[in-house]
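Okay, structure first, notes after.
What follows draws every value from the coordinates through simple rules; no lab data is involved. Source: prediction; values computed, not measured. Neighbour counts run over all protein chains shown; Cβ positions are idealised from the backbone, glycine included.
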């Protein structure tokens, strides 16, 4: 029984969390491509690529520092914060309840830039640097719970949700 639980644990830590981060990156890119108005689509695409560039800038800076002082040797699992997971779930749930009403479309490019940078940085840090994995693991799993709770409370097909038809 312990080996089965250990297998589930390693599946979540090594596969589920990186897959969720990759799906987030894919969804951000898909969201940028499917904006209804041309000016928002252009702003979101520019924000996506600006987020990628910001990540590359930070990556080059961090790797150059680590080449001098050495890479951290932390374990991938560093603990879990139930409080942070529940706060993250609540924040994500509230954001998805508000949908497009929470963020005005004028800042869509900036939001895509920030989300893109955070998703790429979180994936890189989670897999390679591992300095804040307890925070990342807790907030990512909590965010998924909040996202899925949104669909449990307000059942909407994902396709309609991504197109903004759930409002």
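Once you keep just the Cα pairs under 8 angstrom separated by 6 or more residues, what percentage relative contact order results for the chain? Intermediate values should be presented prior to the final figure.
Working: 160 pairs, mean separation 58.4, N = 167.
Contact order relative to length: 35 percent.
Based solely on its DSSP helices, what 222 nm [θ] is calculated for the chain when runs of n ≥ 4 H residues each add -39,500 (n - 2.57) and the sum is averaged over all residues, nearest 500 deg cm²/dmol? Show your work: numbers first, answer last.
Details: 7 runs with 118 residues, N = 167.
After summing the helix terms and dividing by residue count, I get -23500 deg cm²/dmol.
Any idea how far apart residue 90 and residue 68 come out in nm if each label point goes 7 Å out from Cα toward Cβ?
According to this spin-label approximation, the distance is 4.2 nm.
Could the peptides 58-67, 85-94, 44-53, 18-27 be put in order, highest first, of the mean number of other beta-carbon atoms found within 10 Å of their residues? If you can, show how the numbers build up before the last one.
On the way: 58-67: 11.9, 85-94: 17.2, 44-53: 18.9, 18-27: 15.3.
Taking the mean over residues of other Cβ atoms within 10 Å, the ranking is 44-53, 85-94, 18-27, 58-67.
Arranged by the count of other C-beta atoms within 10 angstrom, fewest first, what order do 40, 150 take? Don't jump to the answer; show the numbers that get you there.
On the way: 40 16, 150 21.
Starting with the residue having the fewest Cβ neighbours, the order is 40, 150.
Quote to one decimal, in nm, the extra length available between residue 6 and residue 81 on full extension: 0.36 nm per residue of separation minus the C-alpha distance between them.
25.1 nm
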